[in-house]
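Enquirer: First the structure, which I've put down as structure tokens, then a few questions once you've had a look.
The values are calculated or read from the model by the stated rules, or taken from the named source; none is laboratory data. These figures come from a predicted structure and were not determined experimentally. Using ideal geometry, Cβ is built from the backbone for each residue, glycine included, and neighbour counts are taken over all protein chains shown. Please note that ligands, DNA and RNA were not included when accessible areas were found on the heavy atoms of the full protein model with its side chains. Shrake-Rupley method; radii C 1.70, N 1.55, O 1.52, S 1.80 Å.
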Amino acid sequence: MLSIENLSAAFVAGAPVLRSVSLAVPQGARFALVGESGSGKTVTALTILRLIEGLTVSPESRIWWGGRDLLRLPERALRAIRGQEIGFVFQEPMSAFNPLKSIGAQIGEVIEQHEGLPRAAVRERVLALLAQVQLPQPEHLLSALPHQLSGGQRQRVMIAMALACRPKLLIADEPTTALDAQIRRQILALLRELQQALGLSILLITHDLPLVRRFATEVAVMQQGRIVEQGAVEAVFDQPQHDYTRALLAASFVGAPPPVPQAAPAVLTAAALRVAYPSRLRGRWWRPAPAVEILQSVDLSLAAGQTLGVIGESGSGKTTLALALMRLIPAQGQILLGTQPISALSERAFRPLRREIQIVFQDPFAALSPRMTLAEIIGEGLAVHEPALSADDRRARIADILAAVGLGGVALDRYPHEFSGGQRQRIAIARALILRPKILVLDEPTSALDATVQAQILGLLRELQTTMGVSFVLITHDLRVVRALAHRVMVLRAGQVVERGETAEVFARPQADYTRQLLADEVLQP
């Protein structure tokens with residue numbers, strides 16, 4: 001169905017990023033492309049539909065689709081293929097959506113452009129698609145803007161948009177990164193059903209090897225822009241031939257968090273924390289629509305050198321809790337930074353304290369300014385909080401923190417779009433760590449990283465906790481990460497805490513039915 005032959009490509013005045021890539025996706029296949037961050041997986045996928053500007057493709061490269069070479073089609077002909085014959089699920093949904101248009105309008109636009117249906121029919125199709133990807137209350141989501149949805153909800157909307165015109169091939173770039181285990185299983189089951197019903201072929205780009213084993217029929221392994229091994233999933237996973245494939249399969253992140261110092265003081269405390277948003281439903285002047293509570297009276301305490309893991313399904317309020325603790329959204333309740341109340345402080349008074357509590361956002365591409373270089377992004381905090389630092393000292397600090405997160409030697413004048421998803425996530429971690437904060441809020445810090453880099457990042461975080469005494473609020477869907485890093489765990493559901501306690505105790509003897517369900521859904525072994 002799709003055939004890539006001798007695909008070599010490079011960015012202007014740069015080293016090659018793809019080197020003689022050849023692969024074929026048969027009709028009805030579930031084909032996975034795997035490899036570490038920066039190996040060229042996403043560049044390969046985007047090149048299929050010529051979605052990268054400034055990329056020079058070698059003359060001998062060919063991408064065949066229905067007897068046509070996509071690399072040489074005129075733009076008008078290619079536009080008819082994008083979305084209608086080949087759907088694309090992008091890695092970072094927030095950066096792929098138009099922030100000013102509603103979810104319903106953005107999905108409907110695809111249908112209107114390719115099928116020209118009347119507005120009523122488009123609306124019904126959009127509602128059906130939202131229901132198909134298990135999003136609750138689709139009618140309410142039609143008028144929602146992207147920022148009003150959780151990361152997992154945005155990812156499901158992106159899948160609905162890609163399937164809107166029933167394409168023959170679906171290219172899915174990390175389609176389950178921000179989804180909890182239960183929804184991930186549902187999405188994979190949905191893709192299987194659609195594949196069987198529509199004869200759909202799927203090209204899956206992922207670093208999640210357990211997912212590949214459960215879902216894909218064929219797999220290709222990429223390293224530094226080359227395909228080093230490919231074949232049936234069972235053959236490649238059970239009898240890998242290449243050393244790199246064996247290293248990927250052997251990578252795991254085991255271990256336990258370092259012990260919390262005796263009598264460690266509390267560095268962050270929250271009491272009766274509550275966040276509510278106005279309802280998207282229209283009220284009346286005499287009876288306004290009730291507010292929607294996202295967090296309902298949440299309490300927490302975090303000691304110096306301790307990690308608190310916050311888990312729960314997509315939309316449970318985890319990211320809202322992180323933003324409320326950072327005072328990035330309005331919230332009711334009491335927040336103490338050490339012994340100092342910060343809830344009532346003005347932004348001017350709170351600004352010097354921001355260096356004490358930093359955050360790694362869930363979507364790094366949306367959180368990194370596209371107009372700033374790597375040096376400017378990492379050094380921005382130093383310029384604000386340590387203005388007396390010399391340019392040489394600042395550059396040395398930037399180089400040190402980049403080396404610590406595995407990006408040593410990277411050119412500092414590059415921009416975020418020039419990095420892979422996993423590299424951008426490491427940049428976001430470096431930006432937060434450079435100020436040596438006491439508290440680090442980590443919102444899905446390893447979701448876009450392959451297993452080898454996950455192990456490196458978790459090892460780095462444990463080392464920082466030991467040497468600097470930094471405390472973490474860890475928000476994640478991955479219970480393996482919680483086991484490896486968190487001392488205590490808090491389980492959120494629909495904005496309420498349903499269970500909390502020591503991580504080992506909660507995982508071994510969960511008390512709430514919901515916690516037992518989360519543990520049953522999660523695949524704890526790679």
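Enquirer: On the basis of being assigned to a strand (DSSP E or B), touching a residue at least 24 places away in the same chain (Cβ under 8 Å) and open to solvent by less than 10 Å² (accessible area, probe 1.4 Å), does VAL219 make the cut?
Expert: Judged against the criteria, VAL219 is a match.
Enquirer: Tell me which helices (runs of 4 or more DSSP H) are completely within the stretch 285-370 and hold 3 or more residues being surrounded by 15 or more Cβ atoms within 10 Å (Cβ to Cβ), within 22 Å of the chain's Cα centre (by Cα) and of a type outside the set (Phe, Trp, Tyr), or say none if there are none.
Expert: Fully inside the stretch 285-370 and qualifying: 318-325, 364-367.
Enquirer: Moving to a separate point now. Checking the conditions here, which among PRO74, PRO26 is within 25 Å of ALA197 (Cβ to Cβ) and open to solvent by 20 Å² or more (accessible area, probe 1.4 Å)?
Expert: Working: PRO74 fails: within 25 Å of ALA197 (Cβ to Cβ).
Checking each option against the conditions leaves just PRO26.
Enquirer: Go through the stretch 57-100 and give me each residue that's farther than 18 Å from ALA160 by Cβ and among the acidic types (Asp, Glu).
Expert: Hits for the stretch 57-100 are GLU60, ASP69, GLU75.
Enquirer: Then there's this: In the stretch 15-37, what residues are touching a strand residue (DSSP E or B) at 6+ places or on another chain (Cβ under 9 Å) and part of a loop (DSSP other than H, G, I, E, B)?
Expert: From the stretch 15-37, those touching a strand residue (DSSP E or B) at 6+ places or on another chain (Cβ under 9 Å) are 16-36; that's our starting set.
Across the stretch 15-37, the qualifying residues are PRO26, GLN27, GLY28, ALA29, GLY35, GLU36.
Enquirer: So which residues in the stretch 222-241 are part of a loop (DSSP other than H, G, I, E, B) and surrounded by fewer than 18 Cβ atoms within 10 Å (Cβ to Cβ)?
Expert: GLN224, GLN239, GLN241 - these are the residues of the stretch 222-241 that are part of a loop (DSSP other than H, G, I, E, B) and surrounded by fewer than 18 Cβ atoms within 10 Å (Cβ to Cβ).
Enquirer: Let me ask something else. What pairs come up if the first residue lies in the stretch 405-420 and is farther than 17 Å from ASP173 by Cβ, the second is open to solvent by 30 Å² or more (accessible area, probe 1.4 Å) and assigned to a helix (DSSP H, G or I), and their beta carbons are under 6 Å apart, counting only those six or more places apart or on different chains?
Expert: GLY406/GLN456
Enquirer: Would you pick out the residues in the stretch 421-454 that are open to solvent by 30 Å² or more (accessible area, probe 1.4 Å) and either without any contact (Cβ under 8 Å) to a residue 24 or more places away in the chain or assigned to a loop (DSSP other than H, G, I, E, B) (or both)?
Expert: ARG436, LYS438
Enquirer: So which of LEU211, LEU179, LEU142, LEU188 ends up being buried (at least 17 other Cβ atoms within 10 Å of the Cβ) and at pLDDT 85 or above?
Expert: Of the residues listed, the single one that is buried (at least 17 other Cβ atoms within 10 Å of the Cβ) and at pLDDT 85 or above is LEU142.
Enquirer: Out of everything in the stretch 466-475 that is out of contact with any strand residue (DSSP E or B) (no Cβ under 7 Å at 6 or more places or on another chain) and either polar (S, T, N, Q) or assigned to a helix (DSSP H, G or I) (or both), what residue ends up being modelled with the highest pLDDT? Walk me through how you get there before you give the answer.
Expert: Filtering the stretch 466-475 for residues out of contact with any strand residue (DSSP E or B) (no Cβ under 7 Å at 6 or more places or on another chain) gives 466-469.
From what is left, the residues that are either polar (S, T, N, Q) or assigned to a helix (DSSP H, G or I) (or both) are 466-468.
Values: THR466: 86, THR467: 80, MET468: 79.
Among those residues, the one meeting the criterion is THR466.
Enquirer: Also, quick follow-up: Do we have any residue at all in the stretch 132-143 that's out of contact with any strand residue (DSSP E or B) (no Cβ under 8 Å at 6 or more places or on another chain), under 29 Å from MET222 (Cα atoms) and in contact (Cβ under 8 Å) with a residue 60 or more places away in the chain?
Expert: no
Enquirer: Sticking with this structure for a sec: How many residues, within the stretch 78-112, are free of Cβ contacts under 8 Å to residues at least 40 places away in the same chain and in contact with a strand residue (DSSP E or B) (Cβ under 8 Å, 6 or more places away or on another chain)?
Expert: 2
Enquirer: Within the stretch 377-401, count every residue that is open to solvent by 50 Å² or more (accessible area, probe 1.4 Å), farther than 20 Å from ARG426 by Cα and of a type in the set (D, E, K, R).
Expert: The qualifying residues number 2.
Enquirer: Then there is this: Cβ contacts < 6 Å: first residue within 14 Å of LEU129 (Cβ to Cβ), restricted to the stretch 194-205; second residue open to solvent by 10 Å² or more (accessible area, probe 1.4 Å), any location; separation 6+ or different chain. Result?
Expert: LEU198/ARG166
Enquirer: Check off (1) touching a residue at least 60 places away in the same chain (Cβ under 8 Å); (2) open to solvent by 20 Å² or more (accessible area, probe 1.4 Å); (3) more than 30 Å from ARG246 (Cβ to Cβ) for THR467 and give me the number that stays unchecked.
Expert: Of the numbered conditions (1) touching a residue at least 60 places away in the same chain (Cβ under 8 Å); (2) open to solvent by 20 Å² or more (accessible area, probe 1.4 Å); (3) more than 30 Å from ARG246 (Cβ to Cβ), the odd one out for THR467 is (1).
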